[in-house]
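S.K.: There's a structure below that I have some questions on.
The values are calculated or read from the model by the stated rules, or taken from the named source; none is laboratory data. Because the structure is a prediction, the values reported are computed rather than measured. All Cβ positions, even for glycine, are placed from backbone atoms using ideal geometry, and neighbour counts span all protein chains on display.
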Amino acid sequence: MRDAYPVWSLVPTRWNDNDIYGHVNNVIHYAAMDTVINRWMIEEGILDLTDPEAPIGLCVESGCRYLASVEYPDVLALGLRIARLGTSSVTWEVGMLRDRDDEPIAEGRFVHVFVDPVTRRPTPLPDPMRTVLDTLVSPPAAVEEDT
């Protein structure tokens, strides 16, 4: 699984991430994915939170397929890639493992539509942003069907 994603980032779990069932609650998976996506864009210089005129990415779709349980104090390793780069949208795929082993625990998907910060209407990705985003474009993950 690690070879399928060009960028990896670590996110430690916290004591309060465990729910009453003794595992990390699903909301933590979504928060970790959102954090990794935005952290990567900030580190690559394509998300400038101080520029009031820069396009902003709104999440218009998300999903997560859970494969195994994870508990505090596990450290999550999240792999990041782009399955589709549109005119104003980005479809992100995130693979999630325990950092201590290579057992997949979840596969996530986020779709961002970039919009004008004032009108909130879709706007084409600026060329410098598109160039950086293009470095993460990978073939989409194969989806296994239930039988």
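S.K.: Looking at THR35, THR50, THR87, can you tell me which residue is within 15 Å of PHE114 (Cα to Cα) and either of a type in the set (Val, Ile, Thr) or crowded, with 16+ Cβ neighbours inside 10 Å (or both)?
M.R.: On inspection, the qualifying residue turns out to be THR87.
S.K.: A further question follows. With the structure loaded, tell me whether LEU67 is closer than 22 Å to ALA4 by Cα and either without any contact (Cβ under 8 Å) to a residue 12 or more places away in the chain or surrounded by fewer than 17 Cβ atoms within 10 Å (Cβ to Cβ) (or both) or whether it fails that test.
M.R.: On the way: closer than 22 Å to ALA4 by Cα: yes; either without any contact (Cβ under 8 Å) to a residue 12 or more places away in the chain or surrounded by fewer than 17 Cβ atoms within 10 Å (Cβ to Cβ) (or both): yes.
Against the criterion (closer than 22 Å to ALA4 by Cα and either without any contact (Cβ under 8 Å) to a residue 12 or more places away in the chain or surrounded by fewer than 17 Cβ atoms within 10 Å (Cβ to Cβ) (or both)), LEU67 qualifies.
S.K.: Check ARG98, ARG81, ARG14, ARG65 and return the single one that is within 26 Å of ASP127 (Cβ to Cβ) and at pLDDT 95 or above. Don't jump to the end; show me each part of the working.
M.R.: Numbers: ARG98 fails: within 26 Å of ASP127 (Cβ to Cβ); ARG14 fails: within 26 Å of ASP127 (Cβ to Cβ); ARG65 fails: within 26 Å of ASP127 (Cβ to Cβ).
Answer to the selection: ARG81.
S.K.: Could you list all residues from segment 12-53 that are under 15 Å from ALA106 (Cα atoms) and either free of Cβ contacts under 8 Å to residues at least 60 places away in the same chain or charged (D, E, K, R) (or both)?
M.R.: Hits for segment 12-53 are HIS23, VAL24, ASN25, ASN26, VAL27, ILE28, ALA31, ASP34, VAL36.
S.K.: How many of the residues making up segment 5-51 are farther than 25 Å from ARG130 by Cα and part of a loop (DSSP other than H, G, I, E, B)?
M.R.: 8
S.K.: Which residue pairs have Cβ atoms under 9 Å apart, sit 6 or more places apart or on different chains, and have a first residue in segment 107-127 that is touching a residue at least 60 places away in the same chain (Cβ under 8 Å) and among the β-branched types (Val, Ile, Thr) and a second that is exposed (fewer than 12 other Cβ atoms within 10 Å of the Cβ) and outside any loop (DSSP other than H, G, I, E, B)?
M.R.: none
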